[in-house]
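Q: Could you have a look at this structure, given as structure tokens, before my questions?
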Amino acid sequence: MATSGRRLSRRMVLRSGVGAAAVLGLAAVLAPAATAATSSAVAEPKIATGRKSANGWDMETGPDIGGAIWTAAVPGSGCSVALRIGAATAVLVHVARRFHYEIGSLDLGGIVSFKDPANLTGYETNHASGTAIDIRPGWYPAGVRGNFLKHEVAVIRDVLRECGGVVGWGGDFAQPDEGHFQIDVGPGDARLARLVDQLRHWDQLPGKGAGAILLGS
């Protein structure tokens, strides 16, 4: 009986051992999958905020993370800007280039584009949708008017005119912010598409577009 008891105990141990091995084997199979799922969740940050900026575009949590806001160089300058890909980038890079060529050189750090949406309000939210830039941060304090010379204002006015209402300037705000430029129309506005076509056309012609000499200003 003792032997039988020992055999029974041994069988139970063996069965328990097989069960444990099976569980451990299953855990070994599932663990990488669970780890991969966790890594995937970490590797894919939340992009959309679910909110619109003041000008009607979708705000995002950051640039270059798989959404619609990506960093692009401003040709001819030392600056890069994080803006909404497509029309917004084309237009605001054009504005920045004209400023660089016709008002003052823009070097690294000369433009602030994307800003974290967490604490933004009013027109500042446009930065979080990749549709606004601040040129030379710190040079033109918000709330102060008259930072630009007469001929510099003439360049800005010419940029606004050629953009046909698509671009707004902070110098025209009730509380001025003269370094601020933004897309002033919502997604799908026909004026935005027309302006991009015009800019593309100008880039193919000598004496047109950013850097062209102003006559009669």
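Taken together, the values in this text are just the output of simple stated rules run on the coordinates, not laboratory data. Please read these numbers as outputs of a predicted model, since none were measured by experiment. Cβ atoms come from the backbone with ideal geometry, glycine included; neighbour counts cover every protein chain shown.
Q: If packing is taken as the mean number of other Cβ atoms within 10 Å per residue, what is the order of 121-134, 144-157, 79-92, highest first?
A: 121-134, 79-92, 144-157
Q: Then there's this: 7 Å from Cα along Cα→Cβ at both ILE47 and ASP64: what's the point-to-point distance in nm?
A: That separation, rounded to one decimal, is 1.6 nm.
Q: How long is the gain from ARG161 to SER105 if the chain were fully straight, where each residue apart is worth 0.36 nm and the alpha carbon distance is subtracted?
A: 18.0 nm
Q: On to the next question. Between GLN175 and ASP116, what length comes free when the chain is fully extended (0.36 nm per residue of separation minus the Cα-Cα distance, one decimal in nm)?
A: Length difference between fully extended and current span is 19.0 nm.
Q: Turning to a different aspect of this structure: Taking a quarter of the surface of the Cα convex hull of the range 49-203, what do you get in nm²?
A: Values: hull surface 34.3 nm².
Mean projected area for the range 49-203: 8.6 nm², to one decimal.
Q: Sticking with this one: For the range 58-163, with the dipole built from +1 on Lys and Arg beta-carbon atoms and -1 on Asp and Glu ones, taken about the Cα centre, which of ILE135, VAL153, ALA90 lies farthest toward the positive end?
A: VAL153
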